[in-house]
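I have placed the structure first, in the form of structure tokens, so that the comments after it can refer back to it.
The values are calculated or read from the model by the stated rules, or taken from the named source; none is laboratory data. All values reported here derive from a predicted model rather than from experimental measurement. Here the Cβ is made from the backbone with ideal geometry for all residues, glycine too, and neighbour counts use every protein chain on show. Heads up: the accessible areas ignore ligands, DNA and RNA and are worked out on the full protein's heavy atoms, side chains in. Shrake-Rupley method; radii C 1.70, N 1.55, O 1.52, S 1.80 Å.
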Amino acid sequence: MINVYINDIQKFMPNEPVENKDIEEYLGYIGGKKSKAKNIVLRSNGIKRRFYVLEKETQKPLFTNAQLCSNAIKKLVNEKFSLNDIECLACGTTSPDQLMPGHTLMVQGELGISNIETISASGICLSGINALKYIYYGIKAGEIKKAISCGSEASSPILCARNFTEESNHQLEELEKNAGIAFEKDFLRWMLSDGAGAMRVENKPNENKLSLKIEFIEVLSYAGEMPVCMYSGLEIQEDKSIKSWRAFEQKEVMEKSLLSVRQDVKLLNENIIEYTVTKPVIEIVKRKNIKVDDYDYFLPHYSSTYFRDKVYEGLKRANFEIPYEKWFTNLVTYGNTGSASMYIMLEELFNSGKLQKGQKILCYIPESGRFSTAFMSLEVV
């Protein structure tokens, strides 16, 4: 049996960190006014700083998504690994720079390497882990020996003030009553961050430093029984049918802001824990015969600290209660980087000097697009 090892993890965060008080200096002021919603949302999500590809005040992008990836990947190069060693490149993102060609091809172009296998994983938060799973399968099958997996987001250009309407008093009243409203379109701009993470994945572990052996990556989708929850490029009709942005006149696409990111808050709050934590954990425990005591670290990707206790309760309902002292997250200092979040969390832990051989890490990556989830088990070797 061929084992699969993560031998290095690096990240690239664009520009200087942006503190809460400075967000609108980068994203702009909607209607020329300071947001009344910002502080309400930030209290709920707990994020203290984030990173943007945008230049302060001008809202000019200084990096493309592809450049975020290429910068992270270049940091993997050392005396034992060069870009020419890459046999396969797999990248996942929610926010590619273009509709086509595929995101990974643009990253490859930035790197200036040729004659390799590539795949672009689309989707939302799961796109980064699906890119990694493609490589995992390839190495397991003996088709690949050395590969790079990458997760990235460049969300801030979508969050600029020009793409949003002014907050209504009704929205603000609802937001004060229910923190979950923070996931509606007009409030997502206080949630998201830009950045990229990259992993060097191989069929042999490092000789003189720690590696992470991938024990399993379980990805489960419930789209067959659940409706669309987080979306862009479509409109949900009154009869719940889906109408693609391509079925609208160009003027309507702009007027209806169909390419913005939206979230059905009620649907999210009622189902996200059941369908990304409780149900899948029960299934994975059966499949893999894992136990809470097996793990030294739990790395949860949640978009907001609002969900921290809810994830804990979801694990508890699945009889898989992981104590908080085992949890590791850097959401507060790096923001919600979507498909890059798990890469950025693992990068910090992997390079922290805290890990010891024999320890195990359980990673949780949910996606609310149509309710999917992933759990990954790693062993420090």
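Quick notes on this one:
- Applying the criterion of being assigned to a helix (DSSP H, G or I) and among the charged types (D, E, K, R) to the residues of the range 251-268, the residue that is least open to solvent (accessible area, probe 1.4 Å) is Glu252.
- Screening the range 300-320 for residues that are within 26 Å of Glu347 (Cβ to Cβ) and of a type in the set (S, T, N, Q) and picking the one that is surrounded by the most Cβ atoms within 10 Å (Cβ to Cβ) gives Ser303.
- Within the range 204-233, residues that are closer than 26 Å to Tyr137 by Cβ and among the hydroxyl-bearing types (Ser, Thr, Tyr) have Cβ atoms under 9 Å from residues that are open to solvent by 60 Å² or more (accessible area, probe 1.4 Å) and not in a loop (DSSP other than H, G, I, E, B) in these pairs: Tyr222/Lys279, counting only partners at least 6 apart in sequence or on another chain.
- Screening the range 154-244 for strands (runs of 3 or more DSSP E) wholly inside it with 1 or more residues that are among the polar types (S, T, N, Q) and either open to solvent by 50 Å² or more (accessible area, probe 1.4 Å) or at pLDDT below 95 (or both) returns the ranges 212-221.
- Any chance Tyr275 is of a type in the set (Ser, Thr, Tyr) and touching a residue at least 40 places away in the same chain (Cβ under 8 Å): yes
- Every residue from the range 274-296 that is in contact with a helix residue (DSSP H, G or I) (Cβ under 7 Å, 6 or more places away or on another chain) and buried (at least 21 other Cβ atoms within 10 Å of the Cβ): Val277, Val281
- Subset of the range 108-133 [assigned to a loop (DSSP other than H, G, I, E, B) and among the acidic types (Asp, Glu)]: none
- Apart from one condition, Lys80 fits all of (1) within 22 Å of Asp8 (Cβ to Cβ); (2) without any contact (Cβ under 8 Å) to a residue 12 or more places away in the chain; (3) within 20 Å of the chain's Cα centre (by Cα); the exception is (3).
- Number of positions in the range 108-144 that are in contact with a Ser or Thr (Cβ under 6 Å, 6 or more places away or on another chain), in contact (Cβ under 8 Å) with a residue 60 or more places away in the chain and open to solvent by 50 Å² or more (accessible area, probe 1.4 Å): 0
- Residue, surrounded by the most Cβ atoms within 10 Å (Cβ to Cβ), within the range 321-337, restricted to residues that are in contact (Cβ under 8 Å) with a residue 40 or more places away in the chain and out of contact with any helix residue (DSSP H, G or I) (no Cβ under 8 Å at 6 or more places or on another chain): Gly335
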